[in-house]
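For reference, the structure is listed below as structure tokens.
Where a number appears in this text, it was derived from the coordinates with a stated rule and is not lab data. Just so it is clear, the structure is predicted and the values come from calculations on it, not from any experiment. Positions of Cβ are backbone-derived with ideal geometry, glycine not excepted, and every protein chain shown enters the neighbour counts.
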Amino acid sequence: MGSAYWVPMPSHQPKAQRLTFPFPGSSPTDWMDRLFLLSLLLSLTQLSSVLASTLGNVESTSIIQEDLSFRQVVPLDDDVDPLLNADHHFSLFKKKYGKTYSTQEEDDYRFSVFKANLHRAKRHQLLDPSAVHGITKFSDLTPSEFQQRLHLGHHKQKRRLSVSADPNEAPILPTRDLPSPGSALDYRQWGVVTPVKDQGSCRSSWAFSSTGALEAANALASGDLVSLSEQQLVDCVHKDGSGCYGGRINSAFEYIQQQGGIDSEESYPYEGEVGACRFNSSIVAAMVRNFSVVSSDVNQVAANLVKNGPLAVALNADWLLTYIGGVTCPLICLDSSEPRDDGALVVGYGGGSAGQLNQYWIVKNSWGVNWGEEGYFRLGWGCTGCGDYYTVSA
């Protein structure tokens with residue numbers, strides 16, 4: 001028989017341990033009182049935090065409402081003077097957008113321009129009632145200065161396109177599979193649209209429109225969203241003026257196609273002025289395989305948007321000087337002879353179920369996030385006559 005091992009068990013139960021309290025000399029009653037006070041203190045702390053958060057939200061809402069009331073100062077009543085409190089609004093405008101002027105004479109002149117734009121905003125509001133017009137970051141610019149800042153260069157000479165210059169001769173896509181009215185498409189949700197950029201005082205919207213379309217096409221084809229270099233186009237495209245003197249969307253596509261690609265914004269960052277061309281063909285981030293003009297017919301714009309992705313667009317932007325938000329469809333779009341002076345990017349559409357009257361295009365601009373609807377604007381579905389559209393494939 002082998003060895004056996006055993007563990008001795010205690011012959012009696014251990015004495016119960018006396019309950020002690022963390023405060024010397026305290027009794028259970030004292031401890032309960034202290035516990036109650038501690039719980040009350042914690043509750044008050046939590047309540048204070050909730051109140052602070054609530055007040056913070058109220059304050060944020062108040063700031064937003066105050067900002068809207070500042071910008072949307074255009075009275076619709078004919079008997080209300082749009083210049084009411086104009087000096088106060090001009091002071092708020094300068095503070096909000098960091099505006100400073102070198103002399104008092106310049107300040108006085110910009111104030112006179114600001115007041116003229118308040119009148120202009122009221123007129124735009126009457127002509128464009130589905131949008132909201134008022135004070136914008138451009139409210140100290142004359143219409144001529146605003147147009148020069150954004151100019152695409154289309155009025156200087158006839159367009160020279162390697163594709164059809166007439167949208168009526170553009171390739172026609174079948175429209176039988178188009179989504180029904182009331183449906184929505186937003187390529188921002190697909191992860192193929194880069195954040196809103198700011199061209200500054202350089203008239204390079206043509207470059208931003210072109211890169212925006214190619215960025216999306218490249219992302220749809222490769223799965224990688226890469227921000228492309230507008231500065232390369234500003235420095236290297238010398239056709240039709242270009243640079244910071246206005247340019248053409250199709251000229252940008254032609255250049256990228258001929259050069260074999262375009263660099264990334266990271267490797268060739270934006271400077272907002274014309275410099276020496278520094279294109280490096282060994283590190284291209286995207287290439288243009290093909291591009292085409294698109295018919296301005298609303299169904300064709302939609303068909304190309306669905307099939308090919310975001311569309312570059314050259315449009316008349318005179319009314320955007322005073323645009324704050326909403327769906328814009330100004331009467332100026334009825335005149336197809338108006339010059340196209342801004343390059344932008346159509347990234348989707350949305351709206352109600354009542355058809356064209358309530359539907360709109362979602363358009364990305366290159367004027368920074370402190371303009372419009374965080375850098376975007378909505379163009380009425382039936383207002384495709386405002387622009388010329390281009391599709392590109394990567």
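Odds and ends about this structure:
- Which listed pairs, of Lys197/Lys239; Lys239/Lys307; Lys95/Lys137; Lys122/Lys364; Lys197/Lys364, have C-alpha distances above 21 Å, in listed order: Lys197/Lys239; Lys239/Lys307; Lys122/Lys364
- With a simple spin-label model that places each label point 7 Å from the Cα along the Cα-to-Cβ direction, the separation between Asp198 and Asp108 comes to 3.1 nm.
- Segment 223-265 shape via C-alpha gyration tensor axes, a/c threshold 1.5: prolate
- Three-way shape label, segment 286-326, alpha-carbon gyration tensor, a/c 1.5: prolate
- Among Thr391, Thr211, the ranking by other beta carbons within 10 Å of each residue's beta carbon, starting with the fewest, stands as Thr391, Thr211.
- For Cys202, Cys277, order by how many other beta-carbon atoms lie within 10 Å, fewest first: Cys277, Cys202
- Residue order, fewest to most beta carbons within 10 Å, for Phe279, Phe291: Phe279, Phe291
- Debye, to nearest 20: dipole size of segment 100-139, +1 on Lys, Arg Cβ, -1 on Asp, Glu Cβ: 260
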